[in-house]
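Report on one structure; see the data block that follows.
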Amino acid sequence: MTIATLLRRYGTLIGFALILGFFWFNLPDTFMTARNWLNITQQLSMLMVVAAGMTIVMVMGDFDLSVGSAASLSGIVAGVLFAAGYPIWMTVGVALLGGLVGGAINGVLVSFIGILPFVATLAMLTILSGAAFVLSGGKTISGASIPADFSNFARGGIPLGDIGGVAVMLPNLTIVALVVVFAVWVLLEQTTFGRRLYAIGGNIEAAYLSGVAVRRLKLIAFALTGLSAAAAGLMYASRVASANPTQGSGLMLNAIAAVFLGMTMSEQGVPRILATVIGVLILGVLDNGLTQLSVDSYIRQVLVGAIILLAVAASSFSKRLRR
Amino acid sequence: MTIATLLRRYGTLIGFALILGFFWFNLPDTFMTARNWLNITQQLSMLMVVAAGMTIVMVMGDFDLSVGSAASLSGIVAGVLFAAGYPIWMTVGVALLGGLVGGAINGVLVSFIGILPFVATLAMLTILSGAAFVLSGGKTISGASIPADFSNFARGGIPLGDIGGVAVMLPNLTIVALVVVFAVWVLLEQTTFGRRLYAIGGNIEAAYLSGVAVRRLKLIAFALTGLSAAAAGLMYASRVASANPTQGSGLMLNAIAAVFLGMTMSEQGVPRILATVIGVLILGVLDNGLTQLSVDSYIRQVLVGAIILLAVAASSFSKRLRR
Amino acid sequence: QAKVAVITPYMAQPGTQAYVEAFQAVAKEKGWDVNVVDTAGDVAAVISRIEDVVNQGVDAIVINVDPTQVAAGLQTAKDANIPVVGMDAGSDPLLATNVTSDGVAMAETTAGFVVDRIGGEGNVVMFVFDAFPPVQVRGAKADEIFAANAGITVLDRITPDVSDGGIADSRAKMDAVLAANPEPGSIKAVWAAWDQPALGALQAIEAAGRQGEGIVITGIDANPQAREEVAKGGNFEATVAQDFAGIGAAAAEAVAGLLAGTAPADAVTFVPTKLVTKENAAQ
Amino acid sequence: MSFLSLENVAKAYAGVPALRRVALTIEAGEIHALMGENGAGKSTLIKILAGVVAPDTADIRIDGKPTTIGSPHEAHRLGFRFIHQEFNVVPAISVAENIFMGRRYPLRAGVLVDWRALNATAGDALEKLGITHINPRQRMARLSPGDQMLVRLSSAFLSEPDAPARLYVMDEPTAALTRDESERLFRVLRQIRADGGSVLYVSHRLDEVMALCDRATVMRDGATVDTGRMADITHDDLVALMIGRKAGDAYPAAATTPTSGTALEVRDLAAGRLRSTSFSLRRGEILGIAGLSGSGQRELVRALFGDLPMRSGTVTLDGKPYRPFSPADAWKAGVAYVPRERRSEGLMLTRPIFENITLAQLRRQSLGGSFLTPRAEQRFATTLAADVRLRSTGPRQLAGQLSGGNQQKVVFAKALSGNPKLLLLDEPTRGVDVGAKFDIYTIIRDMTQKGMAVILVSSDLPELIGMCDRIAVMRDGAIAEIVPAKGLGEDDLLNRCYGRVAA
Ligand SMILES: Nc1ncnc2c1ncn2[C@@H]1O[C@H](COP(=O)(O)OP(=O)(O)OP(=O)(O)O)[C@@H](O)[C@H]1O
Ligand SMILES: Nc1ncnc2c1ncn2[C@@H]1O[C@H](COP(=O)(O)OP(=O)(O)OP(=O)(O)O)[C@@H](O)[C@H]1O
Ligand SMILES: [Mg+2]
Ligand SMILES: [Mg+2]
């Protein structure tokens, strides 16, 4: 394998390793600790779940801008149902179902009505976010209406015993994210469903002519993305023990960014779920490490952007060279 | 021409006409007045300028997520220079040049380094927005530091005489937007440069094989988009007589949405500048009309999304490929 | 050297900037190492950053966000025995204290001003933002006061899009309201829960050439741009000055006490506010 | 001194050599054929000349002067004009703009496009090929694939005083053309030769190569094996040089009488522009479809495949009613299809070969229809690939990295993957070399022995005559007549297509 191939394949990964090495060197006591990493994974769990769902539609070459407001809405739906006294299992069930249905509507708009994914999901972004505002009256739902069992979920985890004298646990949110990633991995890489999505992404016309039920698959894929967004919304609500009609809005752009970052690791430029995980980690580790280094938050922003560009530059550059 | 062809071609336009008709009917006295329309065009002028610039890169099939923070940064740069006492012509020149350079950096990243437009321009979004915060210290620059001549520009216009007893003027911001739209129209539809961008967007491989200097054109196109973003940032700063490091952030998604809305009006699904103008108007008129109807702001959001879907549905449905 | 982290999602607000600056000024005197973290609107990220700085081993944390929403982070800090002070945040058992101005009192002041100026009679346009609890209580208080005056009708209760700071969208919204209510006198006042919408409304009124109708505009916060407008003696007649610097400084003093081992006496520490009108705006 | 000489040209893709040792000279005023099996390296050599692919080593001389070609733009300035093998048009812009793509547009006032001049000049370029039925103002997307090819060809003949053309390089230009259109192209090429220009010509249609070219260079496995004057070489020698073994018959011997029983019965079928059409097909029979461009062959096949809604009529397949609403229905019913445009309709270029081959049979090639078994899939794909003589580095190679002819074989392998009852073929051997063509024909014949029925749409008349049992001639969206293929002459068939009574 030549150096060019190596860089093309692993450039972004090498960039990620350099970032890790830098923080490890500069934060020898706190960065590469189990505690910090469990923290990071917990902080990133919601983004991870949304990004995993986003990977599903992006495999087909589409994307879903409505995930952020779907997450907000699912939190609000849960908050409203909690306030009305419904039990947790039912509330969670309804919120997840809502996500699935919302995603399916995206799917119908894109595949049966034929609206461009950008227009359809942007309109859905507006609608879902409006719905979240209407349902909540624009207010943050918090305090006594949120059952303690629900908000304790995000604070709990499976105890891993003592590490260096501190009790360490595997956070529940991390576990959820891992389960979702695993499920999406199985779906995309191990099932005929996933293979067909990749086929659609490879050449939609050829896939159709080869007997792939393009429209139905698109619908299902969008529904699953909606489901994952709803799950992330619930995780978020549990973590902040409250629901606010805008709280998911930061997720969309970051989720798409994570998938695109991951795509730089694939030679064919296709999304892969494990690459998405690296993409999410790149985004998250920078925030964690730079905060610990007490870098001013404005300068941190500039650095995050610059570091991302550097991290992907090698792999992109060697991919662009003349064949 | 069959009805299907008609809908495909003019579906979105018909949708727009229905929206206008609805507001005209329900707001007989205030909606279809010269005054209201001059207001609308003035409110939309910044979005129009950014969307016109966005159209340039989207013709090539790329997009630029950094326009919003480029607009914010250009406002901040102007504010800082004003505060330091530089004259208006110099300040405006430097801010515009900054936009051009920032856009050119996007262009280099995308075409010479080969980074995916989404990743490159998202990283630039972060960097430029960070830079705006660093330069302004996160504060709003306003008051005495902004010269009156600068903020008066946005309040001024060319008097059109009296209409119904009220003095009416063509606002300067509207004029700027019209000039930009015209320039982009000439560029995209009447110059070799523009036609080559369409070739790149239609089939980049074919364009490259035919000897189109793909990389150079991409660079120039991104630079122009950056320039338009900077211009919009200045217009914004003049309009609010202040500069704030986040004030452009709403422009990006709306500009892309406007171009995509416009694309539903093209049979080949390519961006056209005049279609983008309609896209911008659809977004803006809904806000104006629904506010005048005193629709609750949350419900308005839901309606905006739903109306956009309805407006494009007819044209999309008849365009949907058999799949 | 004591390490203190200040974490807020609302750094874009001029008020927050003022607290943080005053806080930093005191901190500099005391020789602390201050790390200011802005999560740009993301509340869950505040929890994440609290976790990060706890991990880093800071001596105290200052937050400026609803504490019930970041309870997970506050718990982490408590477990690590790191005190947290709220700076205009809200009261919470997990906070050592919350230093703030009395939002309800401010809304009461400006809404009362509006009622007085229009003689308890006419249409009022409100600009509110219920998603942010401290601003929401202002809107609620004003609702209460306007409802108590039978002659006052709330024409529209507008939530502007604040992603751009709030001025431009408020102006666009006000343009539309003005267009829908063209008769002079059909709008008596604009009450805004903070200054940006008031500024936007002012611009719309001036652009519509209706500044002569005597529409009364009030804001809250007294940011510099608002002060300037109030000083001009136009439609923007009043705003309330929170003592941002006072809040920041008081929060710093609370931290200093905690570092020295003395816990603050009360769960809430109020810092006084002041009505700003044409007469005293220039100060 | 030769006009153009290439020596020591070598190129490897990720360590796998595509070109090992190539030498080629082209004289002014000649038409030079470049011959070789699928994957021999012809297109790669051409891409190096075009500045698209960077060679590992190459000594290129023009008029004896050492030259490097760094980009398509440079190649153009050197006077090279290319028709690349792959279909490259921009559907969203007009015909004239496609012709002018990458060229300098005529301008007014130095900046604004002079549309009138643009369209007029494009019209002249079309005229050179005798094309008058295409309006330069039309959008490219509205043209049939055949017409799009004509537009591409015309773009090479655009006259450009500031960079006069010296060498025309054509990679399988006639693969999508009718005989008439090909003849017109040949007239232009001969004129170019007479004017002292040069042509490098690649085609798998040996007859046209022998008739047109002055000299030929043969490549095998990425190396040039021989160059000679066309007059000195026989057809069989050429084939032997290319495929490394003796040439046999062009078509496998027809089977004994087709097996009995009706496979397909079509009654009054109408779809798209296809007017009421009836015919029937026995098991094991191969029905050819002939007709001029635009006479509706493609629509017939697409309707039978569920891709074009049937307006009226009935179809029975193996005695059962058959009315597919989508290609998925067609595959389920045992109907397979080889579409005409392999890159846009047949292949996922960025996916591995095996995924392309098994896509239509995933249900069977998986555990319980849901879980992938990549190893078994790869074995399955490898077997089918061997059947069609695919040249690749293995089932995991990306389809886009294959040579054009080998890509076509992948599409073919996919169609055969489910042992179909009815095989619909639209120009199936486009770009396939003589050796592989014979193999494909043999497979088709073998499968008809087992009862598979075939509908073969082709503009290659000898192929129709050589392979089919009967040939349906289509005119104006309907089948005009069905004739037995045996003993049919090419000219006779062509006349029938035009609706002229046979002499
Ligand atoms: N991008 C690529 N990556 C890897 N291998 C490639 C690539 N392009 C071509 N090849 C390989 O190079 C060899 C030569 O291919 P080329 O396209 O030149 O063949 P060809 O002679 O034109 O064949 P055909 O007659 O089928 O068009 C083939 O083995 C092909 O698989
Ligand atoms: N999208 C389209 N819009 C307008 N006209 C079209 C479109 N597609 C095809 N046509 C017209 O219909 C005819 C093509 O029909 P069809 O594809 O059945 O032709 P064909 O018989 O297969 O011919 P060819 O061999 O040239 O492809 C062409 O003449 C073309 O101009
Ligand atoms: Mg080839
Ligand atoms: Mg045909």
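Computed from the coordinates by the stated procedures, all read-outs in this text should not be read as laboratory data. Everything numeric here is computed off the predicted structure, so don't read it as measured data. Cβ atoms come from the backbone with ideal geometry, glycine included; neighbour counts cover every protein chain shown.
The eigenvalues of the Cα gyration tensor, multiplied by 5 and square-rooted, give the stretch D:339-419 an equivalent ellipsoid with semi-axes of 19, 13, 11 Å from largest to smallest. Over the stretch D:4-243, the pair-distance histogram of Cα-Cα distances with 10 Å bins from zero comes to 7, 31, 35, 20, 5, 0 percent, rounded to whole numbers. Of D:S370, B:S266, D:S43, the sequence from fewest to most neighbouring Cβ atoms within 10 angstrom is D:S370, B:S266, D:S43.
Within a 10 angstrom radius of the beta carbon, how do D:S326, B:S210 rank from fewest other beta carbons to most? Spell out each step's value before the answer.
Details: D:S326 21, B:S210 25.
With the sparsest Cβ surroundings first, the list reads D:S326, B:S210.
Remark: mean inter-chain Cβ contacts per residue of D:324-335 equal 3, using a 10 Å Cβ-Cβ cutoff to other protein chain atoms. Sorting the Cα pairs of chain C by distance into bins of 10 Å, from 0 upward, gives 7, 29, 31, 19, 11, 3, 0 percent per bin.
Helix screen, chain A: DSSP H segments with Cα axial length of 27 Å or more and mean Kyte-Doolittle hydropathy at least -0.5 are A:3-26, A:34-59, A:88-107, A:117-136, A:214-240, A:273-292, A:297-320. Scaled against the 2.2 N^0.38 Å expected of a compact globular protein of N residues, the Cα radius of gyration of the protein assembly as shown reads 1.01. Among D:H204, D:H235, a tally of other beta-carbon atoms within 10 Å of each Cβ gives an order, fewest to most, of D:H235, D:H204. Calculated on the alpha-carbon coordinates, the convex hull of the stretch D:357-503 measures out at 134 cubic angstrom per residue.
Computing Rg and the Kirkwood Rh from the Cα coordinates of the stretch D:270-391 gives a ratio, Rg/Rh, of 1.01. Among the lysines, which fall within straight-line cross-link reach of D:K414, defined as a Cα-Cα distance under 21 Å, with same-chain neighbours fewer than 8 residues apart omitted? Result set, ordered by chain and number: D:K332, D:K437, D:K450. By its C-alpha gyration tensor, with a ≥ b ≥ c as the square roots of the eigenvalues, how is the stretch A:36-80 shaped: rounded for a/c under 1.5, else prolate for a/b larger than b/c, else oblate? Since a/c reaches 1.5 but b/c is at least a/b, the shape of the stretch A:36-80 is classed as oblate.
For peptide B:139-147, what's the mean number of Cβ atoms from other chains within 10 Å of each residue's Cβ?
Details: counts 8, 10, 2, 8, 6, 2, 0, 1, 0.
Shielding by partners across B:139-147 averages 4.
Sorted into 20 angstrom bins from 0, the C-alpha pair distances of chain D split as 22, 55, 23, 1 percent. Against chain C, whose longest principal axis is taken from its Cα atoms, helix C:195-207 shows a tilt of about 30°. The GluC sites (Glu not before Pro) of the stretch D:137-214 include none that meets both criteria, a DSSP state outside H, G, I, E and B (loop) and at most 13 other C-beta atoms within 10 angstrom of the site's C-beta.
May I ask for the net charge around C:A147, where only other residues with Cβ less than 13 Å from the Cβ of C:A147 are counted and Lys, Arg are +1 while Asp, Glu are -1?
On the way: positive: C:K141, C:R157; negative: C:D143, C:E144.
My count for the surroundings of C:A147 gives 0.
With a 10 Å cut-off around each Cβ of C:133-142, the average count of Cβ atoms from other chains is 1. The share of alpha-carbon pairs in the stretch B:69-177 lying farther apart than 17 Å comes to 64%.
Computed over the stretch B:14-312, the percent of Cα pairs more than 33 Å apart is 25. The residues packed around D:A376, meaning those with a beta-carbon under 15 Å from its beta-carbon, carry a net charge of +4 if Lys and Arg are +1 and Asp and Glu are -1.
The loop-placed trypsin sites (Lys or Arg not before Pro) in the stretch D:66-110, going by DSSP, that have at most 15 neighbouring Cβ atoms within 10 Å of their Cβ come out as D:R104.
Listed by chain and number, the aspartates and glutamates whose alpha-carbon sits under 20 Å from that of A:K218, ignoring those within fewer than 8 places in the same chain, are A:D62, A:D64, A:E189, A:E205, D:D307, D:D329, D:E345, D:E355.
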